[in-house]
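The values are calculated or read from the model by the stated rules, or taken from the named source; none is laboratory data. Since the structure is predicted, the reported quantities are computational estimates derived from the model, not experimental observations. Quick reminder, even Gly has a Cβ in these numbers, built from the backbone with ideal geometry, and neighbours come from all protein chains shown. Only protein heavy atoms, including side chains, enter the accessible area calculation; ligands, DNA and RNA are left aside. Shrake-Rupley method; radii C 1.70, N 1.55, O 1.52, S 1.80 Å.
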Amino acid sequence: MTDALATFGREGPIVVLSHFDADGLSAAAILVRALRQAGWNSEPLVIGKTGSPWEVETRDRIAALKPAGLIVADLGTRSEPVLPGCPTLVVDHHVPTGEPQDAVTISGNGLNPEPTTALLAWWAAHALGEQPDLLWLAAIGLIGDMADGLGFPELEEAQARWGKTALRDATSLINAPRRTALADAGPALRLLLTVDGPKRITKGDDADALALHAAKAEVRAAMDEGKRAAPLVMGDVALIGLNSPCQIHPLIAQQWRGRLKDKIVIAANRGYRPGWVHFAARSASGRDLISFLAEHRPDGADGRYGNGHAQATGGALPIAVWNAFIADLGLPQAQVKA
Ligand SMILES: [Mn+2]
């Protein structure tokens, strides 16, 4: 962190670009709050439902802020710069696909236990001073990605101070909007940037807190429908076909993972984005799914395919490419009409 700050300019904000899940948003909130407290100008920017850090629209959004520096949090670790020429810090825990050029990298990948991005951000923020009041944000990120927190003492400390139930319920609420059809992370991010603990999220009655509760209800209704889809099994693969504008495919895959323990579970959602199939892959068998997807990589797959973690990955494919991919896996009946 200190190395990265030394490369940043003093004119313009430090833009913190993050993923829109609980871990990414909490990491962004930790970094923006710690930087602002230390006297830096800092602005968060969130990658939404179908965006990517490595595309021209994102580059233009960042460049428009005339940043003094860029922090890329919880969005993967790749060699290509997000904004060429801008001093950059990458904070991430996904399997790297390359070493970022002209950037400082803080990666939790391969550490045991593996810290999430929000915990890495909280550790890094100590370069700006002690951050005891921001620890609950690191706990939200840990719970969001790992549920049990893998025994990090920081989680136990946060639970003792802010309450285990409050932290768990706040995490569930913070994660809800990104799964809705609109996927607006704004209310969740505003709360994480301003409030002093999880109870202000779970018990709040302001517009942002109410938006999180409405999002949770929308996702619950979509899940009730998605749970009724039956898996199609062929060899090692179990496919669950979904048609929802909500991002329920990772949750459905996770549920079936426990019931189909020896299978590679793929939950595929043709309703998430018109013209595309978004899918989540999970397995309880210990099989490396990033390698599995690499072996079956279809022509036309881009950087959205097969990233993440060995036991939790997925991708997004245009319909024609999806149809070739799923036919190759022996499930032509799971092809989707354009
Ligand atoms: Mn994460």
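So the values come out like this:
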| quantity | calculated |
| --- | --- |
| Sum of -39500 (n - 2.57) over DSSP H runs of 4+, divided by residues of the chain (222 nm, nearest 500) | -12000 deg cm²/dmol |
| Rg followed by Dmax, in Å, when the chain is reduced to its Cα trace | 19.7, 58 |
| Potential lengthening between V233 and A207 on full extension [0.36 nm per residue; Cα-Cα distance subtracted] | 4.9 nm |
| Cα centroid separation, the stretch 53-98 to the stretch 172-248 (Å) | 26 |
| Listed residues G24, G69, G151, most fluctuating in the chain (Gaussian network, C-alpha, under 10 Å) | G151 |
| Of K216/K337; K199/K261; K227/K337; K164/K261; K164/K216, pairs whose Cα-Cα distance is over 26 Å | K216/K337; K199/K261; K164/K261 |
| Positive minus negative residues near P13 (Lys, Arg vs Asp, Glu; Cβ under 12 Å) | +1 |
| Spin-label model distance (nm) - R287 vs D102, 7 Å beyond Cα toward Cβ | 4.2 |
| Net charge over other residues, Cβ less than 12 angstrom from the Cβ of A27 (K, R count +1; D, E count -1) | -4 |
| Values of log10 I(q)/I(0), in the order q = 0.14, 0.19 Å⁻¹, for the stretch 20-141 under a Debye, Cα-only, solvent-free model | -0.56, -1.07 |
| Packing rank of 283-293, 2-12, where each peptide gets the mean count of other beta carbons within 10 Å, highest leading | 283-293, 2-12 |
| DSSP bridge orientation in the chain - percent antiparallel, rounded to nearest 5 | 40 |
| Within the accessible area of the chain (1.4 Å probe), percent carbon and sulfur | 51 |
| q = 0.15, 0.17, 0.21, 0.25 Å⁻¹: log10 I(q)/I(0) that the Debye formula gives for the stretch 275-338, counting C-alpha atoms only | -0.42, -0.54, -0.82, -1.10 |
| Most to least packed among 274-280, 295-301, 116-122 [average Cβ atoms within 10 Å] | 116-122, 274-280, 295-301 |
| Residue-normalised accessible area of the chain, expressed per residue, 1.4 Å probe, Å² | 42 |
| Among G226, G39, G186: highest mean-square fluctuation, GNM of the chain, C-alpha pairs under 10 Å | G39 |
| Computed label-point distance, nm, for sites R297 and K66 using a 7 Å Cα→Cβ extension | 4.0 |
| Cα gyration tensor category, rounded, prolate or oblate, for the stretch 227-334 with a/c compared to 1.5 | rounded |
